[in-house]
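Encoded as structure tokens, the structure appears first; notes follow it.
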Amino acid sequence: MNEAFTGVAELDNVVVFIDEVEEVASRRGPHSPAATAVVNELLKCLVQFRDRAGRLLICATNSVGDLDAAFLRHGRFDYVMPIGPPDEQARDALWRRLITDSDIDMPALIAATRGYTPADITHAARAVAQASFERTVDSGVRSHAGTQDYLRIIDATRPTLTADQVSQFDADIDTYARV
């Protein structure tokens, strides 16, 4: 890790993105000395990274509550923005990007996909397109997907997030958000 940050230090302007940061910045504890050493090393690297202008560090995690408190403190990160599943407006934008047919009841799709991730919504849209394609191949007549086709697939698509996880995202926003 130190080697990677040292390489970045040679650049004048840089954006570093660390995905799944909980893998290297989880809470330290007595059970894992190796994990504690990794977190300590990362914290040192962050100080050096921030010492120069033209630097932006962005980290993503699915579990902000699992991150070490020292990692999240002021001075290491100026902003903490927990983001949960898409709200109604975001789901509307997702569906409108995926469906161009104006005959589809968008409010019904938006309501039916509360708590769905963008990947869940994209999967449902692709599954409907596949089913429509298969109907066309089977019948020889072009088939158009309707609202009921979407609702049927949505109903059969298990969302990635449970209701408890969605609630936890909401709680994380209240607990950790700093913008």
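The values are calculated or read from the model by the stated rules, or taken from the named source; none is laboratory data. Keep in mind the model is a prediction, meaning the values are calculated, not measured. Note: ideal-geometry Cβ built from the backbone for every residue, glycine included; neighbour counts use all protein chains shown.
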Item to check | Residue tally, condition surrounded by fewer than 15 Cβ atoms within 10 Å (Cβ to Cβ) and either in a loop (DSSP other than H, G, I, E, B) or touching a Ser or Thr at 6+ places or on another chain (Cβ under 7 Å) (or both), over the range 141-162 | outcome: 6
Checklist entry - Quick one: is T117 in contact with a helix residue (DSSP H, G or I) (Cβ under 8 Å, 6 or more places away or on another chain) and of a type in the set (S, T, Y)? => result no
Checklist entry - Does the range 43-71 hold any residues that are touching a Phe, Trp or Tyr at 6+ places or on another chain (Cβ under 7 Å) and within 26 Å of Q168 (Cβ to Cβ), and which are they? => result L43, L57, I58, V64
Item to check | Hits in the range 63-117 (condition: farther than 30 Å from F49 by Cβ and among the charged types (D, E, K, R)) | outcome: D87, E88, R91, D92, R96, R97, D101, D103, D105, R114
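Residue by residue, here is whether (1) farther than 30 Å from V24 by Cβ; (2) touching a residue at least 24 places away in the same chain (Cβ under 8 Å); (3) in contact with a His (Cβ under 6 Å, 6 or more places away or on another chain) holds:
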{"position": "A127", "(1), (2), (3)": "yes, yes, no"}
{"position": "V141", "(1), (2), (3)": "yes, no, no"}
{"position": "R152", "(1), (2), (3)": "yes, no, no"}
{"position": "S167", "(1), (2), (3)": "no, no, no"}
Next on the checklist: Going by what's in this entry, would V15 be described as touching a Lys or Arg at 6+ places or on another chain (Cβ under 9 Å), at pLDDT 90 or above and β-branched (V, I, T)?
Outcome noted: yes
Checklist entry - Can you name the residue in the range 7-22 that is of a type in the set (D, E) and within 21 Å of R50 (Cβ to Cβ) and is also surrounded by the most Cβ atoms within 10 Å (Cβ to Cβ) among such residues? => result E22
Next on the checklist: So, L67, is that one of a type in the set (A, V, I, L, M), outside the structural domain of A129 (by the TED database) and closer than 23 Å to Q165 by Cβ or not?
Outcome noted: yes
Next on the checklist: Looking only at the range 87-107, count every residue that is touching a helix residue (DSSP H, G or I) at 6+ places or on another chain (Cβ under 6 Å) and of a type in the set (G, A, S) and tell me the total.
Outcome noted: 0
Item to check | Residue match in the range 67-84 (condition: of a type in the set (F, W, Y), in contact (Cβ under 8 Å) with a residue 40 or more places away in the chain and closer than 21 Å to D149 by Cβ) | outcome: no
Next on the checklist: From the list V47, V38, V64, exactly one residue is over 23 Å from I154 (Cβ atoms) and in contact with a Leu (Cβ under 9 Å, 6 or more places away or on another chain). Which is it?
Outcome noted: V64
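For G7, indicate whether it is outside the structural domain of A145 (by the TED database) and touching a residue at least 40 places away in the same chain (Cβ under 8 Å).
On the way: outside the structural domain of A145 (by the TED database): yes; touching a residue at least 40 places away in the same chain (Cβ under 8 Å): no.
In short, no.
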Checklist entry - How many of the residues making up the range 23-40 are surrounded by 14 or more Cβ atoms within 10 Å (Cβ to Cβ) and modelled with pLDDT of 85 or more? => result 5
Item to check | Residues located in the range 129-140, provided they are among the small types (G, A, S) and either closer than 15 Å to T157 by Cβ or in a helix (DSSP H, G or I) (or both) | outcome: A129, A131, S132, S139
